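This report refers to the structure that appears directly beneath it.
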Amino acid sequence: MIAPAGDPYRAAALTDAEGALAHARARIEAVDADLVALVAERVRWSEVVGAAKRALGRPTLDPAREAAVVRRAGELARAAGLDDEAVRALFWQLMAIARRAQVADAPRPDAPRPDAPRPDAPRLDAGAGVGGSA
């Protein structure tokens, strides 16, 4: 911004404001990078939770647990002076990401087992000699 020629104080204030704006934006970008890294970490832990649920024979979807997590996030938001509705909405999105990670990490029932023979692998029939004839 350009200050009027006769106002050196305003020019100095604008220069400081521009610097403050640039600094604040840089800090927000750093916080955004941290947030994405934390979401990635949360997804990795969600995959661990999904594997544990499968080992225990529990379903991926646990509405009571999800509601408790979102409710706690709302309480933390209020304590931090944030809009608890907005934070709860954000956490519902995080729950959806976690569910997708848990489902994506789960073996599909129709997927071949790692130890199952490949359908195109050569077979050795009982009683057959080398070269396939008895």
Inset, instruction - Output the number of the condition that Pro112 fails; it satisfies all remaining conditions of (1) modelled with pLDDT under 95; (2) under 26 Å from Val39 (Cα atoms). - result: (2)
Legend entry - Failed item, numbered, when Ala20 is tested on (1) at pLDDT 90 or above; (2) surrounded by 10 or more Cβ atoms within 10 Å (Cβ to Cβ): (1)
Inset, instruction - Considering (1) part of a helix (DSSP H, G or I); (2) at pLDDT below 95; (3) of a type in the set (Gly, Ala, Ser), say which one Ala5 fails and leave the rest. - result: (1)
Legend entry - Qualifying position, being on the phi < 0 side of the Ramachandran plot, modelled with pLDDT of 95 or more, surrounded by 10 or more Cβ atoms within 10 Å (Cβ to Cβ) and not in a helix (DSSP H, G or I), among Leu82, Leu76, Leu94: Leu82
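The values are calculated or read from the model by the stated rules, or taken from the named source; none is laboratory data. Since the model is a prediction, treat every value here as computed from it, not as a measurement. Neighbour counts are summed over all protein chains in view; Cβ atoms, including those assigned to glycine, are modelled from backbone coordinates with ideal geometry.
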